[in-house]
Every structure is written in structure tokens, then in C-alpha cells.
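The values are calculated or read from the model by the stated rules, or taken from the named source; none is laboratory data. Source: prediction; values computed, not measured. Positions of Cβ are generated from backbone atoms using ideal geometry, with glycine treated the same way; all protein chains shown enter the neighbour counts. For accessibility, only protein heavy atoms count, side chains too; no ligands or nucleic acids. Shrake-Rupley method; radii C 1.70, N 1.55, O 1.52, S 1.80 Å.
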Amino acid sequence: MAAIDFTERVAIVTGAGAGLGRDYAIELAKRGAKVVVNDLGGTGDGKGSSQAAADRVADEIKAAGGTAVPNYDDVSIPAGGENIVNTALDNFGRVDILINNAGILRDKSFVKMDEETWDVVLKVHLKGTYNVTRPAFTHMREHRYGRIVVTSSISGLIGNFGQSNYAAAKVGLAGLVNVLKLEGDKYNIKVNVIVPTAGTRLTANVMPSEMFEQLKPEHVTPAVLYLCSEQCRDSGRYIKAMNGYYSRLAIVIGPGRHFEKMPTPEEIMANWDKITDLEGAKFFNDVNEFMAFVVGSRIQLQ
Ligand code: NAI
């Protein structure tokens, strides 16, 4: 089995001052990557800032013999994204790997979800990923190489009470990856989604303490490092990783039911079980593949 090695690779990890991002940064550096340790250093709900978090992790990497530079920019503003990518270019001359990991939570039931609470969470996760990925992707396209990891969540992909802002952002990110996998294809830019679960500051108040202790960030890292490797040829995959469990999530489309004539609402009702059945559901890589499948298999609508 070929070893996964990041010597000469330059990686950016956003939100790397704590939790999952810290572990990704440390393990990338152990395998030779030069790492930009980005972290705004605010609270778990996105207030304030401090340089201490990014400094601590960059120092930890350097003390262990690795190469790292701290960056304190806010991913949620476009200039922050540009600065993060420029930190990699100015210090190390290139960007090969980007892990979009920075995140905050502001949970509220939907009726109490005021505009500011909605906007701030979308701004960090969804817009933040756009802000950093766009300059990185532009550089990677020029150099015809890139590995990008985007962080989603089962809170969005499956659903979790009280997290409508976070869920919308996290599923939006999965949509972004569905497109970037296509746009990056001919440039050898692979873009994948990590769907982690781990005991960190973000989950400290939502997980029972026993679970919190058990679910270590270290268990997510091997999957993320593989997605960052040259050996990873897949793109557009959503990978769940937690506590020794790794699997693929996907958006699939059921076989459905074809009607020879336009159905009435009553016929939709009568066929609801067949229409919604997922037995034999298929994954499609893009819209064209899906359209060919549907149009190719259906009888002309009268
Ligand atoms: P964490 O709170 O330990 O780490 C997140 C880091 O992002 C913090 O150090 C924080 O300062 C930084 N950050 C926040 N806003 C930022 C901004 N605007 N610019 C730059 N840095 C910023 O939390 P954790 O759990 O390690 O979260 C990492 C990612 O994983 C997040 O995107 C989170 O939504 C996601 N995630 C975590 C899960 C878990 O079970 N811990 C589950 C699903 C997703």
C-alpha cells in the first residue's frame, strides 16, 4: 500500500485553532505538508476574535519539527478569504490542499430564528467556504492540481431540530461540491465533502458527556487526509466519519413511476408509494446523466 505523503504540498486549514481543524493541520504537517493554520479565534457562537488559537496550533506544529504559519482572517468576508490564500502563496508559493472547516453554531427553533441569527451562520459556513475556495480554486486551476474538502453535517443532510440556519448552510455546501466536482474535473481538482461527528467545543453542549468523550476528532482525520491525498481520484463524494465508522452518503433518485398520459392529482395520490419508493434508487453524477436516464426510459407523454 502506497503511503500517503504530503511533502512539498501546501495546505490551508480554516478554523484550525481547535477541534477537528487542529487535528487535520497537525496530521497533515506530520506527513510533510506546509500548513496555513487559519483561525479567527472567536467564541463557539461566532463572537470576538483572538490570535491565540491559530498561534498555539502553528507553534505546536513547529515544535514537532513541522512547517506552519498562522493566519487570523475571518472566512466570512471576501477579503479574509483572499488573505488566507495569499498567506499560503506568500509563505510557500502555492496551494495544493484546502480544508474548509471553520464553523460556528447559533441554534434556535425556526420561529425564533431571526434574520441576524440566520445570516451569521450562513455567512461563516456557506459564504465563508465560497470566500476561501474561489481564490484557491483559481490558483489550483492554473496549476492543474488541487484537493478541496468541504465540511457538511448530518444535521443538514438528515435533519436536526433547532438548526435550520446551520442545516441550510451545510446542505448548500453539498450543492456547491456537486458543481465544483464537475468544474474541477479537467484540472485534476478533486472536491469532496466530509461529514464528521466528534466531541469538540461545538458539540460540548449538545452531546451526552459519555458520547463527547468517546467521539474523538482523531477518528475523522484519516478520512480527511485520504481526501486530501494525490491518491484520491474520487470527487463529489460525501463521506461520513466518526469513531471508527466511515461510509458514503449520497443523493439518489428512485425509479419512480412513468405515466403514459399526464396524471391527475388523484393518480399521483394513488401511486404515491411507487413514486416515493427508493428501492433500486440510483446516483447520478450530473444533470445530463439523469436526463438521459429519464428521457431514455420513458414513453412519449401524450
Ligand atoms: P470548533 O469550534 O472546535 O472549531 C471550529 C473553529 O473554527 C474554531 O476554532 C473557530 O475559532 C473557527 N472559526 C469560527 N468562525 C470562523 C471564521 N469566521 N473564520 C475563521 N475561523 C473561524 O468546532 P469543530 O467541531 O471542530 O467544527 C469544525 C467543523 O466541523 C465546523 O464546520 C462544524 O460545523 C463541522 N461539524 C462538526 C461536527 C462535530 O460533531 N464536531 C459535526 C458536523 C460538522
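Distance in nm between label sites at Met262 and Ile158, each 7 Å beyond Cα in the beta-carbon direction?
Rounded to a tenth, the inter-label distance reads 4.0 nm.
Using just the helices of the chain, give the 222 nm mean residue ellipticity in deg cm²/dmol: DSSP H runs with n ≥ 4 each add -39,500 (n - 2.57), and the total is spread over all residues, rounded to 500.
After summing the helix terms and dividing by residue count, I get -12000 deg cm²/dmol.
Got a sec? Charge dipole of region 79-143, +1 on Cβ for Lys and Arg, -1 for Asp and Glu; which of Val132, Met113, Asn86 is way out at the positive end?
Positive-most Cα among the choices belongs to Met113.
Once you order the gyration tensor axes a ≥ b ≥ c over the Cα atoms, which shape class does region 148-221 get: rounded for a/c under 1.5, otherwise prolate or oblate by comparing a/b with b/c?
Oblate shape, in that a/c is at least 1.5 and b/c is the bigger or equal ratio.
Give the relative contact order (percent, whole number) for the chain; include only Cα pairs under 8 Å separated by 6+ residues.
14
Which three extents, in angstrom, do the Cα atoms of the chain have along their principal axes, listed largest first?
70, 45, 37
Most fluctuating residue of Phe212, Phe290, Phe137 in a GNM of the chain with Cα springs under 10 Å: which is it?
Among Phe212, Phe290, Phe137, the largest GNM mean-square fluctuation belongs to Phe290.
Quick one: length gained pulling Val294 to Tyr245 fully straight, 0.36 nm per residue minus the C-alpha distance?
14.2 nm
Suppose every Lys and Arg Cβ carries +1 and every Asp and Glu Cβ carries -1, with no other charges. What dipole size does region 1-152 come out with about its Cα centre, to the nearest 20 debye?
Dipole magnitude for region 1-152 comes out near 360 debye.
Calculate the length of the line joining the C-alpha centroid of region 166-216 to that of region 1-43, in whole Å.
16
Over 27 Å between Cα atoms: which of Lys34/Lys108; Lys30/Lys170; Lys127/Lys186; Lys261/Lys282 fall into that group?
Values: Lys34/Lys108 39 Å; Lys30/Lys170 29 Å; Lys127/Lys186 25 Å; Lys261/Lys282 25 Å.
From Lys34/Lys108; Lys30/Lys170; Lys127/Lys186; Lys261/Lys282, over 27 Å: Lys34/Lys108; Lys30/Lys170.
How many Å² of accessible area per residue for the chain, probe 1.4 Å?
Values: 15570 Å² over 302 residues.
Accessible area per residue: 52 Å².
Pop out the Kirkwood hydrodynamic radius of region 45-132 from its pairwise C-alpha distances, inverse of mean 1/r, in Å to one decimal.
About 14.6 Å, per the Kirkwood formula over Cα pairs.
When DSSP assigns beta bridges and you keep just the ones with both residues in the chain, what percent turn out antiparallel, to the nearest 5?
20
What is the dipole size for region 154-302, taken about its Cα centre, with +1 at each Lys and Arg Cβ and -1 at each Asp and Glu Cβ, in debye to the nearest 20?
280
Assuming a ≥ b ≥ c are the square roots of the Cα gyration tensor eigenvalues, decide whether region 163-203 counts as rounded (a/c under 1.5), prolate (otherwise, with a/b larger than b/c) or oblate.
Details: a/c = 4.87, a/b = 1.90, b/c = 2.56.
Oblate is the answer for region 163-203, as a/c is 1.5 or above yet b/c matches or exceeds a/b.
Given the Cα atoms of region 92-184, and with Rh set as the inverse mean 1/r over their pairs in the Kirkwood sense, what is Rg to Rh to two decimals? Mind dumping the intermediate values first?
Working: Rg = 14.6 Å, Rh = 14.0 Å.
Reported Rg/Rh (Cα atoms, Kirkwood Rh): 1.05.
Pairs of Cα atoms under 8 Å, at least six residues apart: use those to get the relative contact order of region 26-92, whole percent.
Relative contact order here is 35 percent.
Suppose every Lys and Arg Cβ carries +1 and every Asp and Glu Cβ carries -1, with no other charges. What dipole size does the chain come out with about its Cα centre, to the nearest 20 debye? Present the calculation step by step, with values, prior to reporting the outcome.
On the way: 33 positive and 35 negative charges, 95 e Å.
For this selection, approximately 460 debye.
By how many nm would the segment from Asn271 to Ala168 grow when fully extended, if each residue of separation counts as 0.36 nm and the alpha-carbon distance is taken off?
34.1 nm
Looking at region 187-302 only, what percent of DSSP beta bridges run antiparallel? Nearest 5 please.
Numbers: 6 of 10 bridges.
Counting DSSP beta bridges with both partners in region 187-302, the antiparallel share is about 60 percent.
Grab every C-alpha pair in region 1-158, bin the distances at 10 angstrom width from 0 up to the longest one, and report whole percents.
Calculated P(r), rounded to whole percents: 12, 41, 32, 12, 3, 0.
For a quick check of understanding: with a 1.4 angstrom probe and all protein chains in place, what accessible area in square angstrom does Tyr246 have, to the nearest ten?
Here the residue's solvent-accessible area equals roughly 100 Å².
Where a ≥ b ≥ c are the square roots of the eigenvalues of the C-alpha gyration tensor, would you call region 202-302 rounded, which needs a/c under 1.5, or, failing that, prolate if a/b is larger than b/c, or oblate?
Judged from the Cα gyration tensor, region 202-302 comes out oblate (a/c at least 1.5, b/c at or above a/b).
How large, in percent, is the carbon and sulfur part of the accessible surface of region 105-223 at a probe radius of 1.4 Å?
The computed percentage sits at 55.
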